Structure formats: C-alpha cells, structure tokens
Amino acid sequence: MTELEQKELMVSLGRSFYERGYTVGGAGNLSVRLDEERILVTPTGSSLGRLQINRLSVIDSQGKVLSGDKPSKESVFHLEMYRRNPDCQAIVHLHSTYLTALSCLENLDYDNAIKAFTPYYVMRVGKLPVIPYYRPGSPHIATELGERALLGKAFLLANHGVVVTGSDLSDAADNAEELEETAKLFFILQGQKIRYLTDDEVKDLENRGK
C-alpha cells in the first residue's frame, strides 16, 4: 500500500469510528508503520471525524516530525510499542463507550479484564490486560505498554480507554471493533448466568489461529 493509500485509509477509518460514536471531539488516535523508519500518526488534538490527508503527521522512529502537523501527544506510547514489538504494524487508541466504561470498573482482573465468552473475542484479541491509571500523555503509559507489547494485541488503560494493535491499520480497526462489541455484550449480560468458554475451547481457538 502506498503512503497516500495509507493516509486515505486512516482518514476513512477515523471518520467511520467518529460517525459510529467510537470517539468524540479530539479523543483517540491512530498510527501505522509506513516503513522501518517512518510512522504515520494522527495530529495532536485532531478529531478522528475530521482528519485531513495533508495534515496527518509523519514522524521517524525517534518522534521527529518529518511532515504534517504536530503528532498526538500519545504518539510516545505508539513509538514504544513499535520499538518493542516488530509484529505490531498499526495501533488504534479509542475512548469507545463500552470499553471506557469497563476501564472505570473496580476490581478488574488486571491480567485479563474480559474472560472469554465468544470465539470471536479469542480469535481477534485473545485477552485484555489492564494498564494502571496514569494521566493521558504520561510517559508511564509508554513504559507500561512497552513492557507488555509482546503479550497481546489489546490493552485496557484504566479510567481512560483502549489500545489495540494489528498487522495493518484495517486489522487493528477490526480488532478494536470486535473488542468494543465484546465489552458491549459484557454489560448487556450483567446479572445473567454467562456460559464462559472452557480452557480447552479457548486453546482450540488459539491453536487454529497459529
């Protein structure tokens, strides 16, 4: 995919997230590797629903701006995840309603905030570790995510939102959408007797993805 095509896809996905209520105002950010040295990322304070191709930020692996506007202040944790996990090719960070609501609950299992109850959650994401609360833009978020970058595809930021990775921008978006739907089902099912997948069923799904 060319650089222009990557930019067009970022604008399109950002608008789609915004129109479906996955993000509001200037919340959330997206990024994708353009090559070994360059990262395309949404600008600081920008609305995902109103991104402009010529204003998208292109930065190097050290965060230096190569073209476009100043990048999101949270691009720091994007860069750290790219540095730590070569398989991570794109990142979606959203404040989507159900995942953000989940991130505000007490007594979450920090190893996995959602126990598997659908095969699609397992196949797309697998599990959802929780990162302790830090203010948005804190360097501690980058440190925490960097240390866990090889442990999964998605991470819940306590009292904040979600960070989801993928093999490309479309894959990261698909993973984020499946995860938000899983969180929605989690809340719908509260008070009901949930049939969780067994360990053997989860392992079977994981093995089929290898």
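The values are calculated or read from the model by the stated rules, or taken from the named source; none is laboratory data. Note that this is a predicted model, so its numbers are computed, not measured. A quick note on method: Cβ atoms are made from the backbone with ideal geometry, for glycine too, and the neighbour counts reach across all protein chains shown. SASA here: full protein model, heavy atoms, side chains in, ligands and nucleic acids out. Shrake-Rupley method; radii C 1.70, N 1.55, O 1.52, S 1.80 Å.
Counting only heavy atoms of protein chains, what accessible area per residue, in Å², does the stretch 101-166 have with a probe of 1.4 Å?
Normalised by residue count, the accessible surface of the stretch 101-166 is 45 Å².
For the stretch 128-137, what does the Karplus curve 6.51 cos²θ - 1.76 cosθ + 1.60, with θ = phi - 60°, yield as ³J(HN,Hα) per residue in whole Hz, taken in order and with x for Gly and Pro?
3J(HN,Hα) across the stretch 128-137, in whole Hz: 9, x, 10, 9, x, 5, 9, 4, x, x.
Tell me, what ³J(HN,Hα) does each residue in the stretch 59-75 have, in order and in whole Hz, if you take phi through Karplus 6.51 cos²θ - 1.76 cosθ + 1.60 with θ = phi - 60° and put x for Gly and Pro?
Result, rounded to whole Hz: 10, 8, 5, 9, x, 6, 6, 9, 6, x, 7, 4, x, 3, 4, 8, 4.
Explain nothing, just the number: dipole magnitude of the chain about its Cα centre with +1 on each Lys and Arg Cβ and -1 on each Asp and Glu Cβ, in debye rounded to the nearest 20.
Charge dipole of the chain: 460 debye, to the nearest 20.
Taking square-rooted eigenvalues a ≥ b ≥ c of the alpha carbon gyration tensor, is the stretch 85-135 rounded, prolate or oblate, where a/c under 1.5 means rounded and, failing that, a/b exceeding b/c means prolate?
oblate
For the stretch 91-210, just say rounded, prolate or oblate: build the C-alpha gyration tensor, square-root its eigenvalues into a ≥ b ≥ c, call rounded for a/c under 1.5, and beyond that prolate if a/b exceeds b/c, oblate if not. Don't skip to the end; give the middle numbers.
Details: a/c = 1.66, a/b = 1.24, b/c = 1.34.
It is oblate, given that a/c is not under 1.5 and a/b is not larger than b/c.
Springs between alpha-carbon pairs under 10 angstrom, Gaussian network model over the chain: which of I39, I131, I188 fluctuates most?
Maximum fluctuation in the GNM of the chain, among the listed residues, is at I188.
If you average the sequence gap of Cα pairs under 8 Å that are 6 or more apart and divide by the length of the chain, what percent do you get for the contact order?
Worked out over the chain, it gives 20 percent.
If one puts a single equal scatterer on every Cα of the stretch 3-205 and applies the Debye formula without solvent, what log₁₀ I(q)/I(0) results at q = 0.08 Å⁻¹?
For the stretch 3-205, the Cα-only Debye profile gives -0.25.
I'd like the Karplus ³J(HN,Hα) series for the stretch 153-162: coefficients 6.51, -1.76, 1.60, θ = phi - 60°, whole numbers in Hz, and an x wherever there's a Gly or Pro.
Each residue of the stretch 153-162 in turn: 9, 8, 9, 8, 8, 3, 6, 9, x, 9 Hz.
Round to the nearest 10 and give me the degree value, 0 to 90, for the angle of helix 139-148's Cα axis relative to the longest principal axis of the chain.
Once rounded, the angle reads 60 degrees.
Taking amide H positions as placed 1.01 Å from N in the peptide plane, with prolines and chain starts having none, which residues 5 or more places from L34, or on another chain, fall under 5 Å of its amide H?
I39, L40
When the helices in the chain are scored as -39500 (n - 2.57) per DSSP H run of 4 or longer and the sum is shared across all residues, what 222 nm value do you end up with, to the nearest 500 deg cm²/dmol?
Result for the chain: -11500 deg cm²/dmol, rounded to the nearest 500.
Where a ≥ b ≥ c are the square roots of the eigenvalues of the C-alpha gyration tensor, would you call the stretch 1-111 rounded, which needs a/c under 1.5, or, failing that, prolate if a/b is larger than b/c, or oblate?
It comes out oblate by the Cα gyration axes.
Using alpha carbons only, how many degrees (0 to 90, rounded to 10) separate the axis of helix 199-208 from the longest principal axis of the chain?
Helix 199-208 sits roughly 40 degrees off the main axis of the chain.
Report, to the nearest 10°, how far helix 169-188 tilts away from the longest principal axis of the Cα atoms in the chain, using its own Cα long axis and a range of 0 to 90°.
Orientation of helix 169-188: about 40 degrees from the principal axis.
How long is the gain from L105 to R50 if the chain were fully straight, where each residue apart is worth 0.36 nm and the alpha carbon distance is subtracted?
Working: separation 55, 0.36 × 55 = 19.80 nm, distance 3.10 nm.
Answer, rounded to one decimal: 16.7 nm.
Per residue, how much accessible area does the stretch 39-78 show when a 1.4 Å probe rolls over the protein heavy atoms, in square angstrom? Kindly include the intermediate steps, with their values, before the conclusion.
Numbers: 1850 Å² over 40 residues.
Per residue, the stretch 39-78 has an accessible area of 46 Å².
With all protein chains present, how much of the accessible area of the chain (probe radius 1.4 Å) comes from carbon and sulfur, to the nearest whole percent?
Summing carbon and sulfur atoms, their accessible area is 48 percent of the total for the chain.
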